[in-house]
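A short worksheet on the structure shown next.
The values are calculated or read from the model by the stated rules, or taken from the named source; none is laboratory data. Only a predicted model underlies this, so the values are computations on that prediction, with no experimental measurement involved. Note that we place each Cβ from the backbone using ideal geometry, even for glycine, and neighbour counts take in every protein chain shown.
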Amino acid sequence: MNRNETASNVAGPPVNSHVSHRRHKYQKALDGRKQPIRGLWTRNGHYIARVTSLAMESGKMRPRWIALKDDRDAPITTLPEARAALERLRTQNRDDEFPAPGRVPTLASYIPEYAEHRETLASTGAKRAATVEKEKALLAKWAGEIGHLRLSQIKPTHITRFRDKLLRAKYSNRSANLAVMALRGLCKHAKLEGHVKSLPMQDLTKLRERQIKRALVTPADVAKLCEVAFQPLFREGRLAKGDEKGQPLKNA
């Protein structure tokens with residue numbers, strides 16, 4: 001038995017075990033000349049950025065590790081895409097538009113947090129409780145349709161398709177507009193918290209709503225109302241135009 005066969009029969013880790021361990025560690029990303037790229041690292045075949053930004057809690061500059069992802073929320077695996085994503089992060093950091101720490105929440109998981117915020121406003125009188133309840137019901141419909149998407153993944157096409165679905169289900173134009181308004185309020189709150197950079201419905205045109213025409217009150221109607229209002233109910237201790245048993249007025 002030769003030496004290689006003897007080594008292969010001995011229990012223990014494989015000879016190249018250090019390679020498998022290294023792939024789970026952060027490693028500097030290298031350019032075409034094998035030089036490290038500042039702020040860019042790799043781990044498990046994915047690219048990760050290390051950017052120093054201002055921490056909201058402490059007010060101090062702290063390094064942050066951010067997994068770089070594309071528009072479909074998939075990890076970036078190519079060097080050109082990683083360098084472009086890193087530059088976008090640095091631009092956002094300079095413009096004070098750095099993304100919030102952690103993963104962007106899904107719509108379904110963010111609705112309870114937003115609903116709690118709206119209920120707080122309702123408790124102070126800033127919002128009507130009935131309005132908040134209506135918003136929660138509309139957002140529940142959105143959660144059933146696109147609740148699995150992260151807030152940054154919601155696109156205008158998702159909104160127009162769901163609005164068309166409501167219209168096909170015989171919802172009025174106003175109801176469809178209210179559904180979009182409820183989602184817009186949630187996205188605005190998410191933008192304030194740094195989860196999204198723009199509103200997916202900002203270019204969406206509002207549907208024309210049918211105006212309900214109310215009948216005008218004519219001067220003759222006002223005069224007749226005033227005439228009845230000024231007639232006395234009681235006259236000399238007895239009901240006017242009634243009997244002692246309390247019959248109501250005929251023209252009251």
Tell me, yes or no, whether the range 111-126 has at least one residue that is small (G, A, S) and in contact (Cβ under 8 Å) with a residue 12 or more places away in the chain. yes
For the range 79-133, which residues satisfy the criterion of being within 21 Å of E145 (Cβ to Cβ), at pLDDT below 90 and not in a loop (DSSP other than H, G, I, E, B)? none
Residues located in the range 156-200, provided they are among the charged types (D, E, K, R) and under 25 Å from E116 (Cα atoms): R184, K188, K191, E193, K197
Name every residue in the range 137-162 that is part of a helix (DSSP H, G or I) and in contact (Cβ under 8 Å) with a residue 40 or more places away in the chain, in order of residue number. L138, L139, W142, L151, S152, Q153, P156, H158, I159, T160
Say whether the condition of being more than 30 Å from I66 (Cα to Cα), surrounded by fewer than 13 Cβ atoms within 10 Å (Cβ to Cβ) and without any contact (Cβ under 8 Å) to a residue 40 or more places away in the chain is met by at least one residue in the range 187-199. no
